[in-house]
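Student: Shown below is the structure under consideration.
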Amino acid sequence: MAECGGRDFVTQATHFVDSVLPSHGFEPLAFTRLPYISAGDAFSSYLALESVVVLVQRSKQFSPPKVSSAGRRVVKRDVRGRSFGKVVQLVGR
């Protein structure tokens, strides 16, 4: 997950729900911890992994990315209008 100052699941999930989702234009409505059982590896027959399931809605303050005059490039912005620092090349029109 994103660097958030903690290595445990609760810290990372909280950072994702409180910081990452809103900065991408999503408003979290509810979230829960969900176990994921994997087939395992060479050392164990199964692995129990932790997942987070988040119910979101599009933030009312979020405006979609603006298309430049060339019509082929998009500058992504967060809910406060700050650029993500990347220009994303669109495929097709």
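The values are calculated or read from the model by the stated rules, or taken from the named source; none is laboratory data. Because the structure is predicted, anything quoted here is derived from the model rather than measured. For neighbour counting, all protein chains shown are included, and Cβ atoms are generated from backbone atoms with ideal geometry for every residue, glycine included.
Student: Count, please, the residues in region 51-76 that happen to be in a strand (DSSP E or B), at pLDDT 75 or above and within 17 Å of Pro22 (Cβ to Cβ). Please lay out each step first, then the result.
Tutor: If we filter region 51-76 for residues that are in a strand (DSSP E or B), which is where we start, we get 51-58, 66-67, 73-76.
This time we only want the ones that are at pLDDT 75 or above, so: 51-58.
From the residues that got through so far, the ones that are within 17 Å of Pro22 (Cβ to Cβ) too are 52, 54-58.
Number of matching residues: 6.
Student: Among what's in region 1-40 and is modelled with pLDDT of 85 or more and surrounded by fewer than 10 Cβ atoms within 10 Å (Cβ to Cβ), pick the residue that is farthest from Phe62 (Cα to Cα).
Tutor: Ala39
Student: Further, regarding this structure: Can you report the number of residues in region 1-50 which are in contact (Cβ under 8 Å) with a residue 24 or more places away in the chain, in a loop (DSSP other than H, G, I, E, B) and among the small types (Gly, Ala, Ser)? Write out each step before concluding.
Tutor: Start the filter on region 1-50 by keeping residues that are in contact (Cβ under 8 Å) with a residue 24 or more places away in the chain, which leaves 9, 13, 16-17, 21-31, 33, 50.
Filter again for in a loop (DSSP other than H, G, I, E, B), leaving 24-25.
So of that shortlist, the ones also among the small types (Gly, Ala, Ser) come out as 25.
Result for region 1-50: 1.
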